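First the structure, in the form of structure tokens, and then the observations on it.
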Amino acid sequence: MSKIKVRVVGTGSYLPPGVVTNDDLSTIIDTNHEWIKTRTGISQRHIASAKETTSGLATNALRHALDMANLSPNDLDAIIVTTTTPDLIFPSTAVQVQHNLGMNRGFAFDINTVCSGFIYAIYAIEKMLRSGDLTRVAVVGSEIMSRILNWDDRTTCVLFGDGAGAAILEGYKSDFSNDSDVLDVMLMSDPSLQQALFAVDEHYLNKNRTLGKIAKFIQPIDVSQNDNFGVCMNGAAVYKNAVAGMTDMCLKILARNKMQLEDVDWLLLHQANQRITHAIAERLKIPQDRIIESIEECANTSVATIPISLDKYVRHNPELKRGDIILMATAGAGMTFSSCILRW
């Protein structure tokens, strides 16, 4: 009997036209191109304009994926958007994207596991499609990280950029073992590491001018002298756990599928830092020319890094071909981890 398999039928990405180079940053903070490039691999990042929105970036990326797949929005059964920088508290960014596309069927919802969100969404989508209830689901990772950064903190603000990436997954019946498929997905989170990387805005009490009306019921926090806002990171802890965690997730998912490192054609990791990516590749003995990367031009776009990188290679790297094995892994705040084996 034919089995339902899950394949990627379209990818897309969108980067805001505004580009800020390392040299540009040196005019506003104490840094320089060499310091950033040698420590992170980043040369530039795309920054959204004041008029751009997370849902807008996501919509553009998904439109490009629909064009590649030769599909219309109403050919989709669902949209999942993964983001930590939504336009609004509610409704979800995915519903806004659904509206932007004119999609008048199906459903839409958001996921927030920060940098790991794209593979977390694939885990859910794979189950939906294999059930036979749905045929096509789009996942979009979209972030405007520039709006939650502390631009006085050179240890974090140089790392991030804005952008969106999308993929459309389709369930189809196949009798052949080597056809395109999501072979496996693994997820894991370690809450003991949540203080290694987090984002806060402890000035929020001062932003809501109506809170004074309920002052007698609450004890407002004095945040006037508190500079603890933006992305807060213990760099050494993040580096150590990201390298160890993603390496471990890669080895575990390969072992669970009785596969060897030699079976991997491409390594696609969350683009947090080029040193992290290359350290993992070295541990896995995967050559650097088999790494799918986008960090130099895009910086860390959080959850968008995996789909942006994938779209870049699908469109511009003729070596990536159907049947290739892509090993993916992420590490994100929480800390959350994920891995996925995709037969392209």
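The values are calculated or read from the model by the stated rules, or taken from the named source; none is laboratory data. Worth saying up front: this structure is predicted, and the values here are computed from it rather than measured. Using ideal geometry, Cβ is built from the backbone for each residue, glycine included, and neighbour counts are taken over all protein chains shown.
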Residue check, LYS127 against (1) touching a helix residue (DSSP H, G or I) at 6+ places or on another chain (Cβ under 9 Å); (2) without any contact (Cβ under 8 Å) to a residue 60 or more places away in the chain, all met but one. Which one?
(1)
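Kindly provide the set of residues from the range 157-208 that are part of a strand (DSSP E or B), free of Cβ contacts under 8 Å to residues at least 40 places away in the same chain and within 21 Å of ASN273 (Cα to Cα), ordered by number. Walk me through how you get there before you give the answer.
To start, the set of residues in the range 157-208 that are part of a strand (DSSP E or B) comprises 160, 162-174, 181-189, 197-201.
Among the residues that remain, those that are also free of Cβ contacts under 8 Å to residues at least 40 places away in the same chain are: 200.
Across the range 157-208, there are no qualifying residues.
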Could you check how many residues of the range 258-289 are under 21 Å from the mean Cα position of the chain (by Cα), among the hydrophobic types (A, V, I, L, M, F, W, C) and part of a helix (DSSP H, G or I)?
4
Out of the range 27-52, which residues are closer than 22 Å to HIS270 by Cα and basic (Lys, Arg)?
LYS37, ARG39, ARG45
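Residue-by-condition table, conditions (1) out of contact with any strand residue (DSSP E or B) (no Cβ under 6 Å at 6 or more places or on another chain); (2) at pLDDT 95 or above:
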{"residue": "ILE89", "(1), (2)": "yes, no"}
{"residue": "ASN100", "(1), (2)": "yes, yes"}
{"residue": "SER116", "(1), (2)": "no, yes"}
{"residue": "VAL158", "(1), (2)": "yes, yes"}
{"residue": "ASP184", "(1), (2)": "no, yes"}
Considering only residues that are under 17 Å from the mean Cα position of the chain (by Cα) and buried (at least 22 other Cβ atoms within 10 Å of the Cβ), which ones fall in the range 120-136?
TYR120, ALA121, ILE122, ILE125
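Out of the residues in the range 274-284 that are surrounded by 22 or more Cβ atoms within 10 Å (Cβ to Cβ) and in contact with a helix residue (DSSP H, G or I) (Cβ under 6 Å, 6 or more places away or on another chain), state the one that is farthest from ASN300 (Cα to Cα).
Going through the qualifying residues, I end up with ILE280.
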Of the residues ILE308, ILE292, which single one is under 27 Å from SER177 (Cβ atoms) and in contact (Cβ under 8 Å) with a residue 24 or more places away in the chain?
ILE292
Got at least one residue in the range 235-257 being assigned to a loop (DSSP other than H, G, I, E, B), buried (at least 20 other Cβ atoms within 10 Å of the Cβ), among the polar types (S, T, N, Q) and modelled with pLDDT of 95 or more?
no
Contact list please: Cβ distance under 7 Å, first residue in the range 7-33 and within 14 Å of ASP153 (Cα to Cα), second residue β-branched (Val, Ile, Thr) and part of a loop (DSSP other than H, G, I, E, B), pairs at least six apart or on different chains.
LEU25/THR31; LEU25/VAL158; THR31/VAL158
Go through the range 144-156 and give me each residue that's at pLDDT 95 or above and either of a type in the set (A, V, I, L, M) or not assigned by TED's automatic domain parsing to the domain that holds LEU25 (or both).
ILE144, MET145
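Residue-by-condition table, conditions (1) modelled with pLDDT under 95; (2) of a type in the set (D, E, K, R); (3) out of contact with any His (no Cβ under 6 Å at 6 or more places or on another chain):
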{"site": "ILE125", "(1), (2), (3)": "no, no, yes"}
{"site": "ASP133", "(1), (2), (3)": "no, yes, yes"}
{"site": "ARG136", "(1), (2), (3)": "no, yes, yes"}
{"site": "SER142", "(1), (2), (3)": "no, no, yes"}
{"site": "GLY161", "(1), (2), (3)": "no, no, no"}
